[in-house]
Structure formats: structure tokens, C-alpha cells
1. Among the residues of segment 6-21, is there at least one that is surrounded by 13 or more Cβ atoms within 10 Å (Cβ to Cβ) and either part of a loop (DSSP other than H, G, I, E, B) or at pLDDT 95 or above (or both)?
2. Give the residues of segment 82-102 that are within 21 Å of the chain's Cα centre (by Cα) and farther than 17 Å from Met67 by Cβ, sorted by residue number.
3. Going by what's in this entry, would Cys130 be described as surrounded by 11 or more Cβ atoms within 10 Å (Cβ to Cβ) and not assigned by TED's automatic domain parsing to the domain that holds Phe72?
4. List the number of the failed condition for Glu139; all other conditions in (1) farther than 18 Å from Ser227 by Cβ; (2) at pLDDT 90 or above; (3) of a type in the set (Asp, Glu); (4) surrounded by fewer than 17 Cβ atoms within 10 Å (Cβ to Cβ) hold.
5. Would you pick out the residues in segment 126-162 that are in contact (Cβ under 8 Å) with a residue 60 or more places away in the chain, part of a loop (DSSP other than H, G, I, E, B) and closer than 30 Å to Gln185 by Cβ?
6. Tell me which strands (runs of 3 or more DSSP E) are completely within segment 69-125 and hold 2 or more residues being among the polar types (S, T, N, Q) and surrounded by 14 or more Cβ atoms within 10 Å (Cβ to Cβ), or say none if there are none.
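The values are calculated or read from the model by the stated rules, or taken from the named source; none is laboratory data. Keep in mind that what you see is a predicted model, and the values were worked out from it rather than measured. Using ideal geometry, Cβ is built from the backbone for each residue, glycine included, and neighbour counts are taken over all protein chains shown.
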Amino acid sequence: TKGHLFKKLLFNKTYYNKYPLYLFLLFAHFFPAQFTVFYQDPIIRAGFGEEITLQCQLDPPIDATDMEVRWFRTTNDDTVHLYWNNKDNTRTQNTAYKGRTELFKEGLVTGTISLKLKNVGFTDEGMFTCFVDSGTEYEESQIEVKVGASNEPELALLAYELSGFYYGIKFLCKSEGWYPKPEIQWTNENGENLTTLSKSTTERNAEGFFTVESHINVVKGSGSIFSCVMKN
């Protein structure tokens, strides 16, 4: 039996002297290396059109060169990148990721699983899974990607009709090319939040970017210096 074989090998120096390689392979087969997969950064933030690196790490940092490595979308199992039989395999790769990924092979020796993702877009937002299979066991870990885009808002001073020949003034704050939809805050020189006095509109174009306009009327006691801040 397996137990008797190991007992015989463990206490017989002749086997160690005559068959060192055989014993190494035998123990490697019956006692495969145990490992876990963890992430370096749980959340990766990316700007629209940028490239990012998704990274997970084996612990202990054993050689993953001969293992199967697969990055896929956690929600639908779409293959982002597959490394199998010591080479990249694009046959099962989702078409949305063809030509956009690159696995850093040099890091596999130390158990570092790094994947470059190019030209990040809105559809890349969400969870990615790093899956590693040694042939005898497998482990995985998840990383979240958040995609964002922003621009500096423009502030303009406009007049509006109150009644008859009387006019008031208002500040208009406008910005394009945002994702996700930004929050808007108006304040005066004293730091008072005046957002409830403002009116805002948001539109989304065909590319998925948001255009935001917000205006606030200048009334008595509201202040003389106004600031418009957008953030997402």
C-alpha cells in the first residue's frame, strides 16, 4: 500500500542514495505543493482609454510556469486571458478582449500573475477572477475594476429676467465627458453648502459619457463668491 511504501522509503537510506530523483518525483506526486492566491490591490481604478495591470500572487511564491492561468469575468465567466500548456491560448478568449491583453510570463517563475489590460472602457468595469490550476489543485481570487472619466467644469455668469425690466444673475456650471455620473456641490465663500438652491440636468451621449449642467440664482444673503465642484 501507499503507507507501507512511504514507511519503507523513509527508513531505508539505500533508496535515498540510489534513487534520489525517483523519490523526489514520487513525493511531489503524492504530496503536491499547496498554495493560495491573493491579490495585491482589491480595487483597480482606471481612466477611460488607459491601460492597467491586474495582479494576483501565489503564496508561497512557487513557479506557475507549468500551471494553467486564467483570467475571466466573475459575473459571466467570459475568458479574458488563458495561459495553458506553457503558452497563451486565444481560442476561448472573449472577442471583446482580443488584442487587448498581455500576460507577463517572466513573473510566473515567482508566482506573480500579472495581466496587462489595454484601452480600458466602460464594459471593463466590474469583477475579474484570477484562476490558477496546478493539475492537482486550484485556487482563485477576485479583483474589482472601476472605470472613470472627468473634465474640468466651466463656470459662467448669466443674466435672467425676473419681471419686466428687472433682471437677476445666475451662475452656470457645465462639464462634459464624465463617467460615472458626477455629483455636484455649490458652496459660497463661507463654505456653506448651497446645492439645494441649484437646479441640474444630466444627459448621456451614445458613447456613454455624461454632460452635466447646473445653475444657481444669486439671491440676497447667498454670498458673493460661488464654487461649483463635480466629483464621481
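1. First, the residues of segment 6-21 that are surrounded by 13 or more Cβ atoms within 10 Å (Cβ to Cβ): 6, 9, 15, 19.
From the residues that got through so far, the ones that are either part of a loop (DSSP other than H, G, I, E, B) or at pLDDT 95 or above (or both) too are 19.
The answer is yes; a qualifying residue exists.
2. Of everything in segment 82-102, those that are within 21 Å of the chain's Cα centre (by Cα) and farther than 17 Å from Met67 by Cβ turn out to be Gln93, Asn94, Thr95, Ala96, Tyr97, Lys98, Gly99, Arg100, Thr101, Glu102.
3. Values: surrounded by 11 or more Cβ atoms within 10 Å (Cβ to Cβ): yes; not assigned by TED's automatic domain parsing to the domain that holds Phe72: no.
Answer is no for this residue.
4. It fails just one condition, (4).
5. Ser150, Pro153
6. On the way: elements: 79-84, 101-103, 112-117.
Correct list: 112-117.
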